[in-house]
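Some notes on the structure that comes next.
Every number in this text was worked out from the coordinates using simple rules, so none of it is lab data. Bear in mind that the values here come from a model prediction, so they are computed numbers and not experimental data. Cβ coordinates were reconstructed from backbone atoms using ideal geometry, including for glycine residues, and neighbour counts include every protein chain displayed.
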Amino acid sequence: MTPRTQMRAGATGIGSLPVDLAARGRVADPRETARIVADAFPGLPHMVELPGRGAGADMVGRTAAMLASISSDFAVQTVPTGWRRTARPGIDTERAGRRLDQDCDAIAEVFSGYAGPFKLQVCGPLTWCRVVEDQAGEPSLRDPGFISDVVAATGEAARVQAARLRRVVPGVTAVVVQVDEPAMAQVLAGAVPTASGRGRVRPQDAQQVRAWLATLAGAVHTDGATEAWLHSCADASHIPYTLAAGFDAVSFDVSRLPAASLDAVGTAHDSGLRLVLGVVGPDEWRMTRPQMTDVARTRAERLRSALGLPEQEFAHAVTLTPACGLAGATPQQARDVMSAIGAASRSVCGETMDTSVGPGAGDGDGGG
């Protein structure tokens with residue numbers, strides 16, 4: 001196996017966290033949240049999403065703000081049924097942009113002395129177009145031309161955000177762009193309902209989906225120090241597309257990996273892709289930290305055994321994560337999950353990162 005990258009990280013987060021994980025009164029504190037992430041995932045910290053802050057704070061709204069900064073063609077606003085394309089960005093989109101600015105300011109402060117890789121997330125174009133309605137109230141997936149435009153704009157937005165991250169944290173050595181596509185299985189299966197609920201949006205052509213994803217991965221790779229990861233916690237249908245489209249890593253929920261997908265995982269590994277393993281899901285959130293750690297280790301070890309990989313090779317090839325975002329967890333559950341992932345990664349992968357340096361002195365102890 002020849003890895004596409006020498007970047008190693010034993011553990012990281014998916015993206016979202018509970019809004020009250022580090023709240024001061026009723027206001028979320030992005031600086032304290034960033035400190036918690038810095039402590040939990042020192043080898044590969046990530047930009048946090050706090051959907052509990054309201055409309056525009058979830059991955060769809062945050063990406064809407066990124067796209068609107070690229071072109072007014074992607075302006076959206078909230079309506080009673082969700083997000084809808086409009087002539088001008090709505091107030092929730094503008095608020096999402098301001099929150100993104102605040103989060104970047106928090107990262108600049110907390111990670112002032114950091115050196116190493118950093119991860120940011122964007123909503124994938126298929127999922128974004130599944131959620132965002134056209135002006136008739138139907139899923140934007142009905143318009144392949146618009147999807148193509150969103151693909152191009154998402155790639156540009158990812159480059160802009162990666163460059164911004166490097167400006168605010170000069171010690172960042174590589175930016176990981178995680179593309180979240182939880183709706184991809186629905187889109188491929190033609191299972192996305194129309195507005196009436198009586199019909200279904202025609203499934204997207206698999207070859208076209210591969211081309212879209214390849215365009216997106218290629219845009220991310222325009223900067224040679226930026227990696228593209230494809231993540232879905234829905235099922236394993238995205239795994240073959242990850243390799244075909246040129247991504248650097250595939251992220252999936254190990255507990256939802258069918259035996260039939262093991263060959264695809266093995267092929268991804270043999271081709272040099274990093275395996276990003278979701279090893280603690282919502283069903284385990286009520287467990288104690290030691291119990292969650294044991295579940296995470298066991299799931300990783302079973303996958304290693306199923307793939308027939310030596311321990312050292314597996315340790316260098318995988319990164320452990322929660323199976324999905326933690327926005328729905330309680331603050332204590334979120335802390336326990338992150339702690340369990342870190343403990344399991346030290347057991348499975350050894351050192352979490354071979355070049356990481358923690359945040360600068362005086363940033364405080366974020367716990368976690």
Quiz item: Where the centroid of each part is defined by its Cα atoms, how far is the stretch 27-82 from the stretch 258-294 in Å?
Solution: 25
Practice problem: Please work through the chain and write down the cysteines that have no neighbouring cysteine Cβ at a distance under 4.7 Å. | Solution: C104, C123, C129, C349
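At a Förster radius of 51 Å, what calculated FRET efficiency corresponds to the Cβ-Cβ distance of Q135 and S261, to the nearest 0.05? Walk me through the intermediate numbers first.
Values: r = 38 Å, r/R0 = 0.75.
For Q135 and S261, the calculated efficiency is 0.85.
Where a ≥ b ≥ c are the square roots of the eigenvalues of the C-alpha gyration tensor, would you call the stretch 54-247 rounded, which needs a/c under 1.5, or, failing that, prolate if a/b is larger than b/c, or oblate? Could you put the intermediate results ahead of the total?
On the way: a/c = 2.15, a/b = 1.33, b/c = 1.62.
Oblate is the answer for the stretch 54-247, as a/c is 1.5 or above yet b/c matches or exceeds a/b.
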Quiz prompt | Pairwise FRET efficiency - R142 versus D105, Cβ, R0 = 51 Å, nearest 0.05 | solution = 0.85
Self-check item: Under Karplus coefficients 6.51, -1.76 and 1.60, residue-wise ³J(HN,Hα) of the stretch 54-71 in Hz, glycine/proline x
Solution: x, 3, x, 9, 7, 5, 5, x, 5, 5, 4, 5, 4, 5, 5, 6, 7, 7
Quiz prompt | Gaussian network model of the chain, springs between alpha carbon atoms under 10 Å - residue of R202, R99, R335 with greatest fluctuation | solution = R202
Practice problem: Counting only DSSP beta bridges with both residues in the chain, tell me the antiparallel percent, nearest 5. | Solution: 20
Practice problem: Compute the relative contact order of the chain as a whole-number percentage, counting only Cα pairs closer than 8 Å that sit 6 or more residues apart in sequence. | Solution: 24
Quiz item: Cα gyration tensor of the stretch 167-293, axes a ≥ b ≥ c as square roots of the eigenvalues: rounded (a/c below 1.5), prolate (a/b > b/c) or oblate?
Solution: oblate
Self-check item: Point-to-point label distance, R302-Q208, nm (Cα→Cβ direction, 7 Å offset)
Solution: 3.8
Self-check item: Highest-MSF residue in the chain out of Q207, Q333, Q178 [GNM, Cα springs under 10 Å]
Solution: Q207
Quiz item: What is the set of long-range amide H partners of V176 at a cut-off below 5 Å, with H atoms built 1.01 Å from backbone N?
Solution: F118, K119, L120, E227
Quiz item: What 222 nm value per residue comes from the helices of the chain, counting each DSSP H run with n ≥ 4 as -39,500 (n - 2.57) and dividing by all residues, nearest 500 deg cm²/dmol?
Solution: -13500 deg cm²/dmol
Quiz item: Considering only the stretch 54-247, what is the antiparallel percent among its DSSP beta bridges, to the nearest 5?
Solution: 25
Quiz item: Among D143, D253, which comes first, then next, by fewest other beta-carbon atoms within 10 Å?
Solution: D143, D253
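Applying 1/(1 + (r/R0)^6) with R0 = 35 Å to the Cβ-Cβ distance of A195 and V27, what FRET efficiency is obtained, to the nearest 0.05? Write down the numbers at each step before the final one.
Details: r = 36 Å, r/R0 = 1.03.
According to the calculation, E is roughly 0.45.
Compute the Cα gyration tensor for the stretch 1-126, then decide on rounded, prolate or oblate, letting a ≥ b ≥ c be the square roots of its eigenvalues: rounded whenever a/c is under 1.5, prolate when a/b is larger than b/c in the other cases, and oblate in all that remain.
Details: a/c = 2.24, a/b = 1.43, b/c = 1.57.
The shape class here is oblate.
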Quiz item: Each residue of the stretch 163-172 in order: what ³J(HN,Hα) in whole Hz does its phi give by Karplus 6.51 cos²θ - 1.76 cosθ + 1.60, θ = phi - 60°, with x for Gly and Pro?
Solution: 5, 5, 4, 5, 5, 7, 10, x, x, 5
